[in-house]
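Undergrad: Structure below; questions to follow.
The values are calculated or read from the model by the stated rules, or taken from the named source; none is laboratory data. Note that the coordinates shown come from a computational prediction; the quantities given were computed from them, not determined experimentally. In this analysis, Cβ positions are derived from the backbone assuming ideal geometry, glycine residues included, and neighbour counts consider all displayed protein chains. Note: accessible area is taken over every heavy atom of the protein model, side chains too, but ligands, DNA and RNA are not part of it. Shrake-Rupley method; radii C 1.70, N 1.55, O 1.52, S 1.80 Å.
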Amino acid sequence: MFGGRSRINGQFDDPRAHDGKYPPDWDARRKAAYKRDNYTCQITGCGRRSGPHAGNNGPPLHAHHRVPVSRGGWHSLGNLMTV
């Protein structure tokens, strides 16, 4: 399933549980955030849409941490937002 939570391994929510900047299941995490956020930018006042709403003409999507990992944030889906 596209962006399905089934491919997200909860052990990698904690950034100390893996080597590198992003967990091995990052692709599934970011796609799950896009789907949850309806492929819409979550920055207040923006609301631009992409993905299935815009075809190939939409802006690129990015998953960002609400609380940066450098400030103690985790890679959990609840800490990710679409921008």
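Undergrad: Rank 73, 9, 63 by how far each Cα sits towards the positive end of the charge dipole of the chain (+1 on Lys, Arg Cβ; -1 on Asp, Glu Cβ) and give me just the farthest.
TA: The listed residue farthest towards the positive side: 63.
Undergrad: What does the charge dipole of the chain about its Cα centre add up to, to the nearest 20 debye, if the Cβ of each Lys and Arg holds +1 and the Cβ of each Asp and Glu holds -1?
TA: Working: 13 positive and 6 negative charges, 41 e Å.
Here the size comes out at about 200 debye.
Undergrad: When the accessible area of the chain is split by element with a 1.4 Å probe, what percent falls to carbon and sulfur?
TA: Details: 2610 of 5230 Å².
Result for the chain: 50 percent of the exposed heavy-atom area is carbon or sulfur.
Undergrad: Loop only per DSSP, at most 10 neighbouring Cβ atoms within 10 Å: give me the trypsin sites (Lys or Arg not before Pro) in region 9-60, ordered by residue number. Mind showing how you got there, number by number?
TA: Working: sites: 16, 21, 29, 30, 31, 35, 36, 48, 49; in loops: 21, 48.
Within region 9-60, the qualifying trypsin sites (Lys or Arg not before Pro) (loop, at most 10 other Cβ atoms within 10 Å) are 21.
Undergrad: Compute the angle between helix 26-36 and the longest alpha-carbon principal axis of the chain, please, reported from 0 to 90 degrees and rounded to the nearest 10.
TA: Helix 26-36 and the main axis of the chain meet at about 40 degrees.
Undergrad: Something else about it: Give the Kirkwood hydrodynamic radius (Å, one decimal) of the chain, defined as one over the mean of 1/r across all pairs of different Cα atoms. Walk me through the numbers before you get to the answer.
TA: Values: mean 1/r = 0.0760 Å⁻¹.
Value: 13.2 Å, from the Cα pair sum.
Undergrad: Please calculate how many Å² of accessible area the chain carries per residue, with a 1.4 Å probe and no DNA, RNA or ligand atoms counted.
TA: Values: 5230 Å² over 83 residues.
Normalised by residue count, the accessible surface of the chain is 63 Å².
Undergrad: Follow-up question, since we're still on this one. Could you quote the convex hull projected area for region 26-69, Cα atoms only and averaged over all directions, in nm²?
TA: Values: hull surface 13.7 nm².
Computing the convex hull of the Cα atoms and averaging its projections yields 3.4 nm².
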